[in-house]
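Undergrad: Starting off with a structure, shown below.
The values are calculated or read from the model by the stated rules, or taken from the named source; none is laboratory data. Everything numeric here is computed off the predicted structure, so don't read it as measured data. Reconstructed Cβ throughout: ideal geometry from the backbone, glycine too, with neighbour counts over all protein chains shown. Surface areas here come from the heavy atoms of the whole protein model, side chains and all, with no ligands, DNA or RNA. Shrake-Rupley method; radii C 1.70, N 1.55, O 1.52, S 1.80 Å.
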Amino acid sequence: MTQRSQILITGGGLNGATLALALAQCGHAVTLIDALPRATREERGFDGRSYALALASTKLLAQIGIWDELADKAQPMREIKVSDGQAGQGPSPFFLHFEESDLDEGPMGYMVEDRYLRRALLEALEAEPNITEVTGHTVLSQTPTATGISVTLDNGENLTGDLLVGADGRRSGTAARAGIKRTGWDYGQTALVCAISHEKPHDGIAHQFFMPPGPLAILPLTGNRSSIVWSETHARARAINAMDTEDYLKVLRPRFGDFLGDIDLEGDRFTYPLGLSLANAYFADRVALVGDAAHGMHPIAGQGLNAGLRDVAALAEVLTEATRRGENVASPLVLERYQQWRRFDTATLALATDTFNRLFSNDNPLLRLGRDIGLGITGAMGGLRRGFVREAAGLTGDLPKLMQGRAI
């Protein structure tokens, strides 16, 4: 059995699903392939996962028709406080403070739980007639030809299209089969991820607390709840994650502090190793990459998903405009335009997160003094601070139309 669409997408996660919707709504016939069964993808319980969506990313979601479904379940981030310090000693008196008033457009971003975002995407996929979903199957091979690209699934089914987009993560099989190499390194850190409930309201304030083993992010969720992402060495993180709930909280509490009162775990706990992983090219013969398949970076600024969504918006715009001009969407000239648009931006962001992590993840007293003074000076300079706020909101650079709140 052979089935043809104009564009095939491997990976039905957040980036893959968003790209499928953006392309389908512009008239492209899309087949979305995901290894997970649909029942697994539709799990409705809270498992502790959530995402920091920059303001520009919410404009993209509004353009593809799902933000209205999410807005009342999202928590605005009205302030961000960035500080340096050590567990149990509290933050340095020098810190960086971003406020909603620094941005004319409103909150810098929103926290959205995975269960709500994923469900909204799945429901939109199901309602879109230009999208065919293939779930519960993996891609075994891909073969580009002069007229298209053929994909063989583990059930023997063959799918063909003009272009194959890899949205299948850092270990992208799509990239590997296309011969695209990667550059990167391990940070020696593992992220511990969970959600907590707390006694006092967070008032929509996000905190980034830099400690010698790695940063701790406290990100506000709806109600008296927050999402936690903190970094430790690989060995220490394994030991912490193996603890029972009470011992896990005993480790977290001195890092978290008592400014929100007592805390308890909500949902599951997760860990994932941290490293830098950049694809050496964003396209090959009839193949393009988006999201973590193209770039994986440290979560220090919470920009991983936002960078992936910017890829999605840029690729959708490039392919749609190419189609309107009568170009082949898989033409190297077309895909080179996408690569030029996104590669420098993501490399710069990856370098910035790498530098910040190396600068702050140590206990050198001279470096601590220098970075604390730097945070204080930056916070006191209104123009510079507002520039950082616009960057965090995803409103700088050459923005794709969807992230400007405009149709392609």
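Undergrad: Has segment 238-257 got any residue that is in contact with a strand residue (DSSP E or B) (Cβ under 9 Å, 6 or more places away or on another chain) and under 20 Å from HIS97 (Cβ atoms)?
TA: Within segment 238-257 (the criterion being in contact with a strand residue (DSSP E or B) (Cβ under 9 Å, 6 or more places away or on another chain) and under 20 Å from HIS97 (Cβ atoms)), the answer is yes, since at least one residue qualifies.
Undergrad: Could you list, in sequence order, the residues of segment 226-265 that are assigned to a strand (DSSP E or B) and open to solvent by 60 Å² or more (accessible area, probe 1.4 Å)?
TA: Just the residues of segment 226-265 that are assigned to a strand (DSSP E or B), to begin with: 226-233, 263-265.
Hits for segment 226-265 are THR233, ASP264.
Undergrad: Oh, and also: Could you grab the pairs with beta carbons closer than 9 Å, sequence gap of 6+ or different chains, first residue in segment 167-187 and free of Cβ contacts under 8 Å to residues at least 24 places away in the same chain, second one of a type in the set (Ser, Thr, Tyr) and open to solvent by less than 50 Å² (accessible area, probe 1.4 Å)?
TA: Short answer, once both residue conditions are applied: ARG171/SER277.
Undergrad: Here's a check for you: in segment 17-35, which residue that is open to solvent by 20 Å² or more (accessible area, probe 1.4 Å) and more than 17 Å from VAL151 (Cβ to Cβ) is farthest from the chain's Cα centre (by Cα)?
TA: This residue is GLY27.
Undergrad: Scan segment 198-225 for residues that are surrounded by 13 or more Cβ atoms within 10 Å (Cβ to Cβ) and not in a strand (DSSP E or B) and report the count.
TA: 6
Undergrad: Got at least one residue in segment 57-75 being open to solvent by less than 50 Å² (accessible area, probe 1.4 Å) and either more than 17 Å from ARG118 (Cα to Cα) or touching an Asp or Glu at 6+ places or on another chain (Cβ under 7 Å) (or both)?
TA: No - not one qualifying residue is present in segment 57-75.
Undergrad: Filtering segment 266-285 down to residues that are modelled with pLDDT under 95 and over 19 Å from the mean Cα position of the chain (by Cα), which residue is most open to solvent (accessible area, probe 1.4 Å)?
TA: That would be ASP268.
Undergrad: If I ask for residues that are within 17 Å of GLY261 (Cβ to Cβ) and among the hydroxyl-bearing types (Ser, Thr, Tyr), which ones from segment 189-226 would you list?
TA: Within segment 189-226, SER197, SER226 qualify.
Undergrad: When ALA288 is evaluated against the numbered criteria (1) open to solvent by 30 Å² or more (accessible area, probe 1.4 Å); (2) outside any helix (DSSP H, G or I); (3) over 27 Å from ILE205 (Cα atoms), which criterion, by number, is the only one it fails?
TA: (1)
Conditions tested, residue by residue: (1) of a type outside the set (Val, Ile, Thr); (2) assigned to a loop (DSSP other than H, G, I, E, B); (3) open to solvent by 20 Å² or more (accessible area, probe 1.4 Å).
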| residue | (1), (2), (3) |
| --- | --- |
| GLN142 | yes, no, yes |
| THR147 | no, yes, yes |
| SER150 | yes, no, yes |
| VAL165 | no, no, no |
| ASP168 | yes, yes, yes |
| ALA176 | yes, no, yes |
| GLY184 | yes, no, yes |
| ALA191 | yes, no, no |
| ILE196 | no, no, no |
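Undergrad: Would you please name the residue that is most open to solvent (accessible area, probe 1.4 Å), looking only at residues in segment 99-140 that are under 18 Å from ILE33 (Cβ atoms) and in a strand (DSSP E or B)?
TA: LEU140
Undergrad: What residue, among those in segment 328-368 that are touching an Asp or Glu at 6+ places or on another chain (Cβ under 7 Å) and modelled with pLDDT of 70 or more, is most open to solvent (accessible area, probe 1.4 Å)?
TA: Within segment 328-368, the subset touching an Asp or Glu at 6+ places or on another chain (Cβ under 7 Å) is 328-330, 334, 341-342, 360, 368.
With modelled with pLDDT of 70 or more added as a condition, the list becomes 328-330, 334, 341-342.
Working: ASN328: 71, VAL329: 3, ALA330: 10, VAL334: 0, TRP341: 55, ARG342: 4 Å².
Among those that are touching an Asp or Glu at 6+ places or on another chain (Cβ under 7 Å) and modelled with pLDDT of 70 or more, it is ASN328.
Undergrad: Out of segment 297-317, which residues are of a type in the set (Val, Ile, Thr) and open to solvent by 10 Å² or more (accessible area, probe 1.4 Å)?
TA: Of the residues in segment 297-317, the ones of a type in the set (Val, Ile, Thr) are 300, 312.
Hit for segment 297-317 is ILE300, nothing else.
Undergrad: Can you report the number of residues in segment 96-141 which are closer than 20 Å to GLY13 by Cβ and modelled with pLDDT under 90?
TA: Counting residues in segment 96-141 that are closer than 20 Å to GLY13 by Cβ and modelled with pLDDT under 90 gives 0.
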